[in-house]
Amino acid sequence: MIKGYPRLLLFVLVTIVLLWGLDRLLFGLTSNGALGLYQYRVFILIPLLYITLAVSLNLINGITGQFSLGHAGFFAIGAYLSAGFSKFYASQWLAGMPPSMQGVMQIVFLLIALLIGGIAAALAGLLIGAPTLRLKGDYLAIATLGFGEIIRIMFENANTFGGPRGFTDLPQWTGFGFFWYALVAVGCIAVCRNLLQSAHGLAFLSVREDEVAAESMGINTTRYKVMAFILGAAFAGIAGSLLSHYEGSIYPNGFNLDVSIMIVAMVVLGGQGSITGAVLAGAGLKMLEEALRFLPEFSLFGRTFQPLDLRYLVFALVLILTMIFRQQGLLGHREFGWKTIGIGKRSKVEANG
Amino acid sequence: MSALLELRQVKMRFGGLYAVNDLSFQIQPGELLGLIGPNGAGKTTVFNVITGVYTPTEGSVSLNGEVISKMKPYQITERGIARTFQNIRLFGALSVLENVMIGAFARHRTALAGALMRSPAVVLEDASLREQSMRLLSTFDLLSVAHARSRDLPYGLQRRLEIARALATQPKLLLLDEPAAGMNPQESEELMHLIRRLRDEMGQTVLLIEHDMKVVMGICERVLVMDYGVLIAQGAPEVIRKDPKVIEAYLGEPV
């Protein structure tokens, strides 16, 4: 058994090769028409993005127990600032380079853009986290909700970023997209899983369970809350950078309160604190939303409804049913993994259940 | 001999009320000390002042000569004071082992960034924290429930787990807030033996609040008595139980 950093490196390499292979496979399927580009986008790409968003919010809401309603704000910061870097600077630099180097440098610049999105959002997480984490429960939720809206309105009024008309003509460096979207999702899941496997993760959990007891166990609860915000925000920021570098255009309305609420709904539905729960609910809710587009429209009380218009009604229903029949969410605090289906020995997490 | 813990003229005021008034006492290393008094005498407030939950209005608390009365609770735990709570405060959704590991985590050395990548140092440290915690669980006879959710434990075991978790932080001074509360006679008998053993075998210094006089008089070498925020007597159990002021304020009749 290989251990330590060689194992980490091997994991990274195998992941990259596997995802690249899958990327090419999907690309082949879409180019010969077996898979519609639209279906690929709404049933694979966007769910992957929301897996990253749900898993990263789970770190704040589920694992550390800090109810945040501002995840769309971090998402927006990552999307706008990374796109700003690529559009205003990196693409100019790229244009001045010899054509033979442009292919490689585009990947380098994309990586830098993702990093910028992540770091900018992490800084925002620190900025919002430090003063508001004295608040608890509903008050924190309201403060973070306000933060998310401020960010959106800020971009709506920033002419550099296109204002309400949207930030358009952005470099689409993620290309086909699957590889990068999946890489970020896998990275986010791996980081959260590593954290939860170590004693450091227990420190985050202890903050959720009982702050007074955590402090008396030597845990600097403020530090861990801020760290959760920084980490969660960083991944939301990277997800934002992916979006802007795939779509080529972004709009302030794509980062409104509905988005934040949807991500919270995913975490609650999946089971607060469960990574696999967030993955399943993140992908599931987004696919459900898109599936509604394919239902026929219908008339009720003399009005015609598109099923998609009723999506928030459907989500609300899903959440209400969860609250009634399964308050702990689909997976509760548990994880679904190899060990659940009988491969390897039972882990400590399941033994709790 | 220099004192492990020293309180100097500590006053804790809430509005117009002094919950603790001009309290001074010392704890020597290796001592097993009891703190008694009627309800509302300010005993738990003393614990909260020592552990940094409250900052005293006046006066100072020092541990090994270092003033700790302005520090945060986690800093005080790092310096070597651990406590249990009158109303049990376990990490309910987590397992018994995980509860103790969080205590042991107080002495961790690895950085958070390492944990995100699962670095070799973190893997090694996790294994050692786990082993340490398992040893404590076996001392406390909790091994068989190591993977049970702590919320599901019977009351007596929850109290015992809280002591194990506090000890996992490797404290120089252990504060127990009514460890025998709600226990049946047999359970409190076992608890007495356990606390005695901690002191005798590990040299653990203990300060405990307790209403069960059998426990206090049975194991403590020195007893402090508080009433209305003031220390009214201190001394050996035999002296305390004959002290007219203590009988008047708390004991009611000679025990």
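Worth pointing out:
- Candidates B:Val215, B:Val145 - the one that is at pLDDT 95 or above and farther than 21 Å from B:Pro73 by Cβ: B:Val145
- Unique residue being free of Cβ contacts under 8 Å to residues at least 40 places away in the same chain, out of contact with any strand residue (DSSP E or B) (no Cβ under 7 Å at 6 or more places or on another chain) and facing chain A (nearest Cβ under 7 Å) when the list is B:Pro120, B:Pro154: B:Pro120
- The condition of being away from every other protein chain (no Cβ under 14 Å), out of contact with any strand residue (DSSP E or B) (no Cβ under 7 Å at 6 or more places or on another chain) and within 26 Å of A:Ala79 (Cβ to Cβ) holds for only one of A:Ala316, A:Ala233, that being A:Ala233.
- Near pairs, Cβ below 8 angstrom, 6+ apart or cross-chain, from the range B:220-239 (of a type in the set (Asp, Glu)) to any residue that is part of a strand (DSSP E or B): B:Glu221/B:Leu32; B:Glu221/B:Leu33
Per-residue answers, yes or no, for (1) of a type in the set (Asp, Glu); (2) over 22 Å from B:Met202 (Cβ atoms); (3) open to solvent by 10 Å² or more (accessible area, probe 1.4 Å):
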{"site": "B:Lys11", "(1), (2), (3)": "no, yes, yes"}
{"site": "B:Gly16", "(1), (2), (3)": "no, yes, yes"}
{"site": "B:Ala19", "(1), (2), (3)": "no, yes, yes"}
{"site": "B:Pro29", "(1), (2), (3)": "no, no, yes"}
{"site": "B:Thr57", "(1), (2), (3)": "no, yes, yes"}
{"site": "B:Ser62", "(1), (2), (3)": "no, yes, yes"}
{"site": "B:Gln75", "(1), (2), (3)": "no, yes, yes"}
{"site": "B:Ala82", "(1), (2), (3)": "no, no, no"}
{"site": "B:Ile88", "(1), (2), (3)": "no, yes, yes"}
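- The range B:83-108 - residue that is within 7 Å of chain A (Cβ to nearest Cβ) and small (Gly, Ala, Ser) and, of those, farthest from A:Glu211 (Cα to Cα): B:Ser95
- Among the residues of the range B:173-221, the ones that are touching a strand residue (DSSP E or B) at 6+ places or on another chain (Cβ under 7 Å) and open to solvent by 30 Å² or more (accessible area, probe 1.4 Å) come to 2 in all.
- Of all the criteria given as (1) aliphatic (A, V, I, L, M); (2) open to solvent by 80 Å² or more (accessible area, probe 1.4 Å); (3) at pLDDT below 80, the one not satisfied by A:Val349 is (2).
- Any hit, the range A:145-161, residues being part of a loop (DSSP other than H, G, I, E, B) and farther than 20 Å from A:Arg223 by Cβ: yes
- Some residue of the range A:69-87 being open to solvent by 10 Å² or more (accessible area, probe 1.4 Å) and not in a helix (DSSP H, G or I): yes
- The set of residues in the range A:185-228 being at the interface with chain B (Cβ under 7 Å from one of its Cβ atoms) and touching an Asp or Glu at 6+ places or on another chain (Cβ under 6 Å) consists of A:Ser198, A:Ala199, A:Leu202, A:Gly218.
- Selection status of B:Pro29, in contact with a Phe, Trp or Tyr (Cβ under 6 Å, 6 or more places away or on another chain), in the same structural domain as B:Val230 (by TED's automatic domain parsing) and assigned to a loop (DSSP other than H, G, I, E, B): no
The values are calculated or read from the model by the stated rules, or taken from the named source; none is laboratory data. Computed from a prediction, not measured in an experiment: that's the story for all the values here. Neighbour counts are summed over all protein chains in view; Cβ atoms, including those assigned to glycine, are modelled from backbone coordinates with ideal geometry. Just the protein is used for accessible areas: all its heavy atoms, side chains included, with ligands, DNA and RNA removed. Shrake-Rupley method; radii C 1.70, N 1.55, O 1.52, S 1.80 Å.
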